[in-house]
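To start, the structure under review is shown below, and the notes come after it.
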Amino acid sequence: MNVYGEGSHVRQRRAGSEGSAGPEEPGGPAPRPDPSGPDPSPEPPTGVAALSPRHQIAATVTLGVVAVVVCVHLGMTFLHVAPANTVSKEHGTAVEDWIYPEFEQNWKLFAPNPLQQNVSVQVRAEVLTADGGVRTTGWYDLSAQDGRAIDGNPLPSHTQQNELRRAWDFFVATHDDDRPVGMRGALAESYLRRIMVMRLERSDAAGPGGVVDRIQVRSRTANVPPPRWSEEQVSTKPVYRTLPWWPVPEDEARGGIG
């Protein structure tokens with residue numbers, strides 16, 4: 001038995017396993033990659049760089065157009081909400097054409113003295129019945145109808161929220177003592193009348209065989225009561241503004257659309 005030779009062989013095997021140049025034994029640890037060498041698996045390009053040259057050009061042009069549109073929109077919005085200046089006065093028509101009606105800005109939420117009144121718009125009709133008679137309907141509170149449609153609705157329509165209110169505000173702003181002022185006054189009156197007739201048609205105000213011949217619009221305005229902790233004294237008695245009777249053109253009488 002060669003004890004010394006066997007021990008020498010064992011020492012050589014251990015030295016080979018601990019060194020960096022010795023052969024790897026089966027089942028041993030995997031060799032570590034050399035950090036100084038080239039990356040064997042480069043990451044593929046992402047984003048615009050992953051597109052073909054033709055698609056890269058299309059994406060670049062699209063992004064450029066979007067950036068230009070955004071800059072123009074921000075500039076138009078700034079000119080619309082900013083105090084009157086030389087640029088807004090010279091290009092006021094272009095600014096209004098860009099802003100209205102989709103991008104209108106309304107800062108009443110941040111006003112120091114917000115609106116403190118409830119305004120409801122009501123309408124009644126004079127109907128020609130099927131038997132040749134004439135009858136007058138009661139008052140339809142259209143604002144209350146919109147309020148009931150909005151209450152509890154997480155996604156109310158723009159029509160329910162703003163159509164009637166904006167039509168009435170447009171009418172008030174373009175009339176002096178119920179008389180239209182200029183072309184916009186006549187347009188506001190026609191717009192409000194059509195909305196009234198359409199709402200009456202939905203409520204079947206004319207009845208079977210009936211036709212709406214004339215309508216009358218009124219507003220009911222009441223101050224919002226002050227909070228309990230306030231010492232302010234405000235009358236909550238409603239004030240009515242009743243407009244004269246408007247004849248309904250024949251082409252509008254059956255739904256408000258000529």
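The values are calculated or read from the model by the stated rules, or taken from the named source; none is laboratory data. What you are looking at is a predicted structure, and each value in this text was computed from that prediction instead of being measured. When we count neighbours, we look across all protein chains shown, and the Cβ atoms used for this are built from the backbone with ideal geometry, even at glycine. When the accessible area is computed, the model is the full protein with side chains, heavy atoms only, and any ligands, DNA or RNA have been set aside. Shrake-Rupley method; radii C 1.70, N 1.55, O 1.52, S 1.80 Å.
Points to keep in mind about this one:
- Carbon and sulfur %, accessible surface of the range 126-170 computed with the full protein complex present, 1.4 Å: 51
- Hydrodynamic radius by Kirkwood, which averages 1/r over all alpha carbon pairs of the range 158-198, in angstrom: 10.2
- Inverse mean reciprocal Cα-Cα distance (Kirkwood Rh) of the range 146-258, Å: 16.3
- The simple Förster model, with R0 at 45 Å and r as the Cβ-Cβ distance, assigns SER190 and ILE57 a FRET efficiency of 0.35.
- Scaled to the globular estimate 2.2 N^0.38 Å, the Cα spread of the range 138-210, given as radius of gyration, is 1.26.
- Residue-normalised accessible area of the range 175-258, given per residue in Å² at a 1.4 Å probe: 64
- Between the range 148-213 and the range 62-78, the C-alpha centres lie 35 angstrom from each other.
- Beta bridges by DSSP in the range 98-257, antiparallel share as percent, to the nearest 5: 100
- Ordering of 221-228, 122-129, 133-140 by packing is 122-129, 133-140, 221-228, highest average first (other Cβ atoms within 10 Å, averaged per residue).
- Intensity falloff of the range 198-247 expressed as log10 I(q)/I(0), Debye formula with alpha-carbon point scatterers, at q = 0.15 Å⁻¹: -0.62
- Ordering of 174-180, 60-66 by packing is 174-180, 60-66, highest average first (other Cβ atoms within 10 Å, averaged per residue).
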